[in-house]
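Engineer: First the structure, which I've put down as structure tokens, then a few questions once you've had a look.
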Amino acid sequence: MSVTSQNFDASWLPGSALLLVDMNRSHLDHSIGHMLVEQSAAERIIDNAIKVRKAFAASGRPVIFVRTHHRQDPRTGEIVDNKSPFWMAQQEKIVPGLGKLRKSLAVEGAPVTEVVSPLAPRPGEFTVFKHRYSPFDNTDLELLLRNLRIDTLVIGGVNTNNCVLCSCFEAFNRDYRVVLMQDVCASMNGPEYHLAALKVIEAALGWIVDSGDVIAALKVAAAAPHEVHCP
């Protein structure tokens, strides 16, 4: 499911960064994951993200991974990073659209928190760890973006209706230009939730594009020298 793609303006590229949200094994690796998007969606997201990441790297623009993990109190085994009453109430309940019990498996150091191997971060790419839906809440993402002189975030990831949607809201609230690649997103809750989030973003937060349009613009830009901004 998708919405009508909007035009990607190549003039946005000089201040852009690629933000890939929760491209982790928990959501995308069907050999180990638990909170998984559909297999076909996982394959689509990974394939498209590989292409976009390659284009960003070739053009000399930043690639930023956002990962989620939670720490445990070793005395009790309890999660200490997320005490939201709603989140806690959902533990061991069926996840809508997924049909599995919600479990806190994404603890610090667990394999499910790793970025899927085809997208594993490379030297020179950035990683930000978060403990909530927001990539900005109690992280250094905003400091990183400011020092990189970023004004546009080209976003993809999982789940469209929570972490990706929250990323778009939070970026919008900080006056970043929000560009969401709809074919680099999906939801473990199913296509309907994915589409609902796309409609919210389209109506209120930013531009919905296809990754191919971003790649085409980046390939043209790659031929031109990239200005390196110094703080």
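Engineer: In the calculated pair distance distribution of segment 127-214, what percentage of Cα-Cα distances lie above 15 Å?
Structural biologist: The answer is 56 percent, as a whole percent.
Engineer: Carbon and sulfur atoms: what percent of the 1.4 Å accessible area of the chain do they account for?
Structural biologist: Carbon and sulfur: 54 percent of the exposed surface of the chain.
Engineer: Let me ask something else about it. What accessible area per residue comes out for the chain, rounded to a whole number of Å², with a 1.4 Å probe?
Structural biologist: Accessible area per residue, the chain: 47 Å².
Engineer: Between Val107 and residues 5 or more places away or on another chain, which pairs have amide H atoms under 5 Å apart, with H built 1.01 Å from N, and which residues are they?
Structural biologist: Excluding prolines and chain starts, which carry no amide H, the hits are His70.
Engineer: Quick one: Karplus J couplings for segment 86-102, per residue in order, coefficients 6.51, -1.76, 1.60, θ = phi - 60°, nearest Hz, x for Gly and Pro?
Structural biologist: So the J values, rounded to whole Hz, are 5, 4, 5, 5, 7, 4, 6, 10, 5, 6, x, x, 9, x, 10, 6, 6.
Engineer: Kindly write out, for segment 66-82 in residue order, the coupling ³J(HN,Hα) from the Karplus curve 6.51 cos²θ - 1.76 cosθ + 1.60 (θ = phi - 60°), rounded to whole Hz, with x marking Gly and Pro.
Structural biologist: 10, 10, 10, 8, 10, 8, 10, 6, x, 6, 10, x, 7, 6, 10, 8, 9
Engineer: Using only the Cα atoms of the chain, what semi-axes does the equivalent ellipsoid have when each is the square root of 5 times a gyration tensor eigenvalue? Give whole Å, largest first.
Structural biologist: The answer is 29, 19, 16 Å, longest axis first.
Engineer: Under a 5 Å amide H to amide H cut-off, with H placed in plane at 1.01 Å, what residues pair with Lys130 once short-range neighbours are removed?
Structural biologist: Amide H to amide H, under 5 Å and 5 or more residues apart or across chains, Lys130 pairs with Arg67, Thr68, His69.
Engineer: In whole Hz, with x marking every Gly and Pro, tabulate ³J(HN,Hα) for segment 112-122 from phi via Karplus 6.51 cos²θ - 1.76 cosθ + 1.60, θ = phi - 60°.
Structural biologist: 5, 7, 6, 5, 4, 4, x, 10, 3, x, 10
Engineer: Sticking with this structure for a sec: Can you check what the Kirkwood hydrodynamic radius comes to for segment 59-171, Cα pairs only, in Å to one decimal?
Structural biologist: Kirkwood hydrodynamic radius for segment 59-171: 15.7 Å.
Engineer: Name the residues whose placed amide hydrogens come within less than 5 Å of the amide hydrogen of Asp183, ignoring near sequence neighbours (fewer than 5 apart) on the same chain.
Structural biologist: Ser211
Engineer: Turning to a different aspect of this structure: Tally the DSSP beta bridges in the chain and give the antiparallel ones as a percent, rounded to 5.
Structural biologist: Of the beta bridges lying entirely in the chain, close to 10 percent run antiparallel.
Engineer: Let me ask something additional. Tell me the angle of helix 191-204 to the major Cα principal axis of the chain, expressed in degrees between 0 and 90 and rounded to the nearest ten.
Structural biologist: 50 degrees
Engineer: For the chain, find the longest principal axis of its Cα atoms and tell me its angle to the long axis of helix 39-58, 0 to 90°, nearest 10.
Structural biologist: 40 degrees
Engineer: What whole-number distance in Å separates the alpha-carbon centres of segment 159-177 and segment 83-143?
Structural biologist: 15 Å
Engineer: Would you mind calculating the relative contact order of segment 1-47 from Cα pairs under 8 angstrom and at least 6 residues apart, reporting the percent as a whole number?
Structural biologist: About 20 percent, as a whole number.
Engineer: Which of the peptides 134-140, 194-200, 160-166 is most tightly packed, and how do the rest follow, judged by the mean count of other Cβ atoms within 10 Å per residue?
Structural biologist: In decreasing order of mean packing, 134-140, 194-200, 160-166 become 160-166, 194-200, 134-140.
Engineer: Further question on the same structure: For the chain, what is the relative contact order in percent, using Cα pairs closer than 8 Å and at least 6 residues apart in sequence?
Structural biologist: 30 percent
The values are calculated or read from the model by the stated rules, or taken from the named source; none is laboratory data. Every value quoted in this text rests on a predicted model; they were computed, and no experiment measured them. Every residue, glycine among them, receives a Cβ derived from its backbone with ideal geometry; neighbour counts consider all protein chains shown. Note: areas computed on protein heavy atoms with side chains; ligands, DNA, RNA excluded. Shrake-Rupley method; radii C 1.70, N 1.55, O 1.52, S 1.80 Å.
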